[in-house]
1. If you place +1 on the Cβ of every Lys and Arg and -1 on the Cβ of every Asp and Glu, how big does the dipole about the Cα centre of segment 1-142 come out, in debye to the nearest 20?
2. I want to check the label-to-label distance for Asp108 and Thr56. Put each point 7 Å from Cα in the C-beta direction and report it in nm to one decimal.
3. What 222 nm value per residue comes from the helices of the chain, counting each DSSP H run with n ≥ 4 as -39,500 (n - 2.57) and dividing by all residues, nearest 500 deg cm²/dmol?
4. Throw me the Rg/Rh for segment 2-134, computed over C-alpha atoms with Kirkwood Rh, two decimals.
5. Please find, in a Gaussian network model of the chain (springs between Cα atoms separated by less than 10 Å), the residue of Gly218, Gly114, Gly159 whose mean-square fluctuation is greatest.
6. Give me Asp120, Asp38, Asp243 sorted ascending by neighbouring Cβ count inside 10 Å, so fewest comes first.
7. Among Gly112, Thr128, Leu54, which residue has its Cα furthest toward the positive end of the charge dipole of segment 2-134, with +1 on Lys/Arg Cβ and -1 on Asp/Glu Cβ?
8. Given R₀ = 41 Å, FRET efficiency for Gln92-Arg166 by Cβ-Cβ distance, to 0.05?
Amino acid sequence: MATIGFFDGVHRGHLCLIQQLLEEARKRGLKSLLVTFDRHPRTVVSPGHVPTLLTTLEEKEGLLRRTGVDEIAVLPFTHEMSCLSAREFMEQVLRRELNVQVLILGYDHAFGHGGGSLNDYVRWGKETGIEVLRAHELEDVMVSSSKCRRLLEAGDVKGAAEMLGRPYSLSGEVVRGFHVGHELGFPTANLQADADKLIPAYGAYAVWATLEDGERHGGMLNIGNRPTIGNGETMSIEVNLLDYEGNLYGQRMTVEFVGRLRDERRFASRDELMQQLAQDEEATKILLRYN
């Protein structure tokens, strides 16, 4: 028994659908299967309109496996696949290759070239030997990957976390920066985030940071181009870890966004910036309940 989707973000709506898949598969004595793709379908069908991602493929697979599903099929989304009609996809891929007997569809999901209505999918399912069911939606709030993106693009990391069911995160390698934070008394790690991931709006945030060895630290993170320092227009992601001393260069770090502290802005002087950073640190400790 299967369901299908790109599952970007693996948000609460996805989890609701997957829970229904698990329950129905258990009732029927069938294995549960998630069918997804290695890239966003728009990279093939509409390359100029590809959204930035909430999860990398590796992150998405990890989150999907935590749901307890029996199997995950990650299909390469090619031009040839994009040309398959829904009926052809059901017959050639779902039934013939993956041996799907029952397919549960999200309340607003469509797949295949040209799409189709629920009645169409049910009819094509009967013709290809697949029983098609429609899942019910979340009752309390409409959740979608695009809504999560809009919240993050506005800097509303708390709102995004409510939709995701967990804090939004970024991972990447710590690379060399401008060393300005050290001069100001707030040394920072310059994070080079994984490609194609959505970067929240410019501003300062309270975060939890996890290092390669699993060590976890509270921190304050700034996204922007450092207008007070005047380092140009290049965007940087800089993390100041609370109560940490050491060399992080070359290490991989994951940061989870807890709350937004303020917008990025230009200060009249470095002294004024330092005063603001001290205030940010106190606000971060309060948000993280950091002792």
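Taken together, the values in this text are just the output of simple stated rules run on the coordinates, not laboratory data. What you see is a predicted model, and the numbers here were worked out from it, not measured in a lab. Cβ placement follows ideal geometry from the backbone for every residue including glycine, while neighbour counts extend to all protein chains displayed.
1. 240 debye
2. Label at Asp108, label at Thr56, 2.9 nm between them.
3. When only DSSP H runs of four or more count, the value is -8500 deg cm²/dmol.
4. Using Cα coordinates only, the ratio equals 0.94.
5. Gly114
6. In order of increasing Cβ crowding within 10 Å: Asp243, Asp38, Asp120.
7. Result: Thr128.
8. Efficiency at R0 = 41 Å is approximately 0.70.
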